[in-house]
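Reading through the structure tokens given below for one structure.
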Amino acid sequence: MDGATGVGGSGEGVSCENRTTECRTTTDPRSRPVDLAHLGTPSRRRDPMRTILRRPDFRLLFGGLLASMTAESILLLALAIWVKDLTGSNGLAGATIFAVIAPMTLAPLVGWVVDRYPRRPFFVAANVMTAALLTPLFTVRDAGDVWIVYLVAALYGLSSITLGAALSGLIREMVPVELLAEANGVLQTVRQGIRLVGPLVGAALYAALGGWALAGIGMVGFLTAAAVVTALPTPQQVPPAVRLRWPAELGAGLRHLAGEPALRRALLGYGLGSLVMGFSESLIFAYVDQGLNRDAAFVGVLVTVQGVGGLLGGLCSPMLVRRLGEVGTLAAGVAFFSPAALALAYPDLRLGFAAVLLAGVSLPLTMVGLHTLIQRRTPPSLVGRVAAATQAVVSGPQAFSIGAGALLVGFLDYRLLFALVGVATLAAGSYLWRGRHLSAPSGARPPTPPTRPTLPAPRRPAEDTELPAPPTIATVTRSPNTTSGRPGWDGRSSGLNRQIRR
């Protein structure tokens with residue numbers, strides 16, 4: 001609690017011996033009001049990112065998530081490469097990614113299940129189940145077993161929704177509200193850093209050891225996360241019993257998203273941007289091939305530069321949440337994609353590096369702003385359903401956008417499409433920016449120094465009436481009027497009253 005809280009109007013004085021000693025109240029009438037603004041700022045305000053990492057419970061969670069995020073990053077691309085090797089078909093390899101995205105349609109059901117159980121045990125069990133569902137990959141031998149890879153990819157996508165919803169509720173439960181942006185920012189920074197090397201490491205391990213080794217590595221990562229999170233000392237809060245019928249419970253997350261103004265605007269604005277942001281997944285290949293006249297492998301270089309931007313965005317996102325609020329940060333993330341897309345409409349390598357760097361910055365800003373907004377504006381018993389429903393609402397337009405971009409790039413000039421992306425994301429960012437007032441900045445504002453109470457001006461009393469007793473205030477002492485025999489402020493004020501009466 002800030003030192004200035006509750007000071008200034010209680011009628012009691014406050015004394016502090018030094019900057020580190022807790023203030024104590026006293027009824028001594030001679031004590032002066034203390035301006036607590038100079039006592040220094042709590043450590044979490046000076047360096048919130050370091051503060052969140054000093055928490056033992058968050059450090060344990062961070063260690064577990066580091067293992068699971070590494071496994072996720074290695075597996076996703078490797079599964080598609082495995083299908084490509086088995087079948088020789090680019091289309092079937094791309095269908096692997098679709099199999100991962102398809103379970104998003106079940107997000108409301110997944111969120112309902114997540115909200116029915118305590119967060120930490122459920123998160124541990126979900127990691128164990130994710131490790132178990134990878135075991136069928138050990139039976140894959142030839143092209144006839146591709147269906148096993150698709151099945152595992154679909155179950156893996158379902159597990160990803162479950163883990164995301166459970167993690168959002170777990171963070172909301174164990175992290176103070178004022179540090180939610182920092183917690184999400186740290187996780188997004190690490191996630192972006194892993195994306196720099198994870199897919200490349202996964203591809204290299206697949207080439208050297210095969211798909212079965214990757215399955216084993218993935219299992220180790222998820223089991224490690226489960227073991228580490230089990231050691232969390234955070235007491236668990238059992239969600240309240242479900243009182244509504246199950247159809248109403250399934251739709252509770254969507255109803256909350258529609259009824260909360262800040263969340264509603266965030267999803268509408270981000271959804272508008274997502275309808276075109278996915279175009280870049282296909283347009284970047286046309287940019288490298290037709291614009292830069294380079295081999296398709298050069299896309300990997302641009303992806304690396306984008307990952308560097310993601311690191312910068314993850315580090316800056318908590319600061320922006322404190323200054324702009326969650327909706328404002330989300331608006332900045334979507335709007336940053338606009339100049340990046342417009343720059344890519346002109347084929348120049350130096351401009352391209354700057355563009356993909358800015359595009360990388362935008363992603364963690366949108367994720368941190370959106371996740372923090374959900375955690376702060378959602379009752380704990382609904383966090384799982386709202387987080388899962390958000391994944392579905394956002395991933396649907398993204399999946400459509402990726403497919404539409406792959407289709408349109410065959411008929412239209414990539415430069416025209418990049419310009420369209422730039423205009424649409426600028427419009428979406430502007431729409432979000434106009435609603436930034438719906439989520440006030442979460443940063444702590446400097447405490448307002450307590451002001452001295454202003455005493456009313458003395459009035460001329462009637463001859464035969466006594467002066468009214470003044471209010472009891474810590475900085476003013478009351479004494480009998482020994483000069484006039486009447487109760488007053490002190491002898492000097494009573495003398496002044498006598499002169500006025502004369």
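The values are calculated or read from the model by the stated rules, or taken from the named source; none is laboratory data. Since the model is a prediction, treat every value here as computed from it, not as a measurement. With ideal geometry, Cβ positions are generated from the backbone for all residues, glycine too; neighbour counts draw on all protein chains shown. Surface areas here come from the heavy atoms of the whole protein model, side chains and all, with no ligands, DNA or RNA. Shrake-Rupley method; radii C 1.70, N 1.55, O 1.52, S 1.80 Å.
Taking the criterion of being open to solvent by 40 Å² or more (accessible area, probe 1.4 Å), charged (D, E, K, R) and assigned to a loop (DSSP other than H, G, I, E, B), would at least one residue in segment 159-173 satisfy it?
For segment 159-173, residues open to solvent by 40 Å² or more (accessible area, probe 1.4 Å), charged (D, E, K, R) and assigned to a loop (DSSP other than H, G, I, E, B): absent.
Which of (1) at pLDDT 90 or above; (2) open to solvent by 40 Å² or more (accessible area, probe 1.4 Å) does Asn293 not meet, given it meets every other one?
Unmet for Asn293, out of (1) at pLDDT 90 or above; (2) open to solvent by 40 Å² or more (accessible area, probe 1.4 Å): (1).
Tally up the residues in segment 253-265 that are at pLDDT 90 or above and open to solvent by less than 20 Å² (accessible area, probe 1.4 Å), please.
Here the count works out to 2.
Determine which member of the set Leu250, Leu272 is at pLDDT 85 or above and under 21 Å from Ala387 (Cβ atoms).
Just a single option satisfies the conditions, and that option is Leu272.
Is it fair to say His437 is part of a helix (DSSP H, G or I) and either of a type in the set (D, E, K, R) or closer than 17 Å to Ala181 by Cα (or both)?
Criteria not met by His437.
Test Arg120 against the stated conditions and say whether it is out of contact with any Gly (no Cβ under 8 Å at 6 or more places or on another chain) and not in a helix (DSSP H, G or I).
No, not satisfied.
Hey, among Ala4, Ala93, which residue is crowded, with 17+ Cβ neighbours inside 10 Å, modelled with pLDDT under 65 and more than 26 Å from Thr390 (Cβ to Cβ)?
The conditions single out Ala4.
Here is a list of conditions, (1) within 18 Å of Ser317 (Cβ to Cβ); (2) buried (at least 24 other Cβ atoms within 10 Å of the Cβ); (3) aliphatic (A, V, I, L, M); (4) free of Cβ contacts under 8 Å to residues at least 60 places away in the same chain, and Ala355 meets all of them except one; can you say which number that is?
Exception for Ala355: condition (1).
Quick one: in segment 133-144, which of the residues that are open to solvent by less than 30 Å² (accessible area, probe 1.4 Å) and farther than 20 Å from Val110 by Cβ is farthest from the chain's Cα centre (by Cα)?
Once the filter is applied, the top-ranked residue is Val140.
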